[in-house]
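The block underneath contains the structure these notes are about, expressed in C-alpha cells.
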Amino acid sequence: MLPTVNIEAMDQRLEAISTCVSEGAIAFTMIDGAAWPCRAVRSSSIVRLKLPPYAPESKSVDTTRASLRANALGHQVWENYEAIVNAYCAAWTALINDPAHIRSMGTRDWAGLRL
C-alpha cells in the first residue's frame, strides 16, 4: 500500500504486475482517463486499455472501491494513520483471497471474448 498516487506509484504497480506474468503470457490492465503516464515499465507483457469516459460499469477501480467500502471499510472511524493502513491491508488481503468475488466484480453480461 502506498500513501500517494503518482507516476512513481503507477510505475511500481506495473513493475509488480510484470514480475507475475509468466513468459509468453500477457497481463491486461485497464486504466481510467486520469492520464497516468508510466515511465519506467515498457513491458510487452502488459497491455493497457484506456477506458472511455463515462463508463463506470467497466471501471474496475470503481467497482473494487465500492466493494471494499460495502464489505470491509465503510462506516468506520480509525484512530490514526497506522490503523487506516492496517484496515486497508486486511481488506485487500481478504479480497485477493476470494477469487470468486473478484471474478463477480469483473463479469458483465454484455462483455464477451470471442476467439
If Glu82 meets every condition in (1) over 24 Å from Glu8 (Cα atoms); (2) at pLDDT 85 or above apart from one, which number is that one? (1)
Pair list, Cβ < 8 Å and 6+ apart or interchain, from segment 78-92 residues that are at negative phi to residues that are of a type in the set (Val, Ile, Thr) and surrounded by 13 or more Cβ atoms within 10 Å (Cβ to Cβ): Trp78/Ile84
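The values are calculated or read from the model by the stated rules, or taken from the named source; none is laboratory data. Just so you know, these numbers come straight off a predicted model, no measurement behind them. Positions of Cβ are generated from backbone atoms using ideal geometry, with glycine treated the same way; all protein chains shown enter the neighbour counts.
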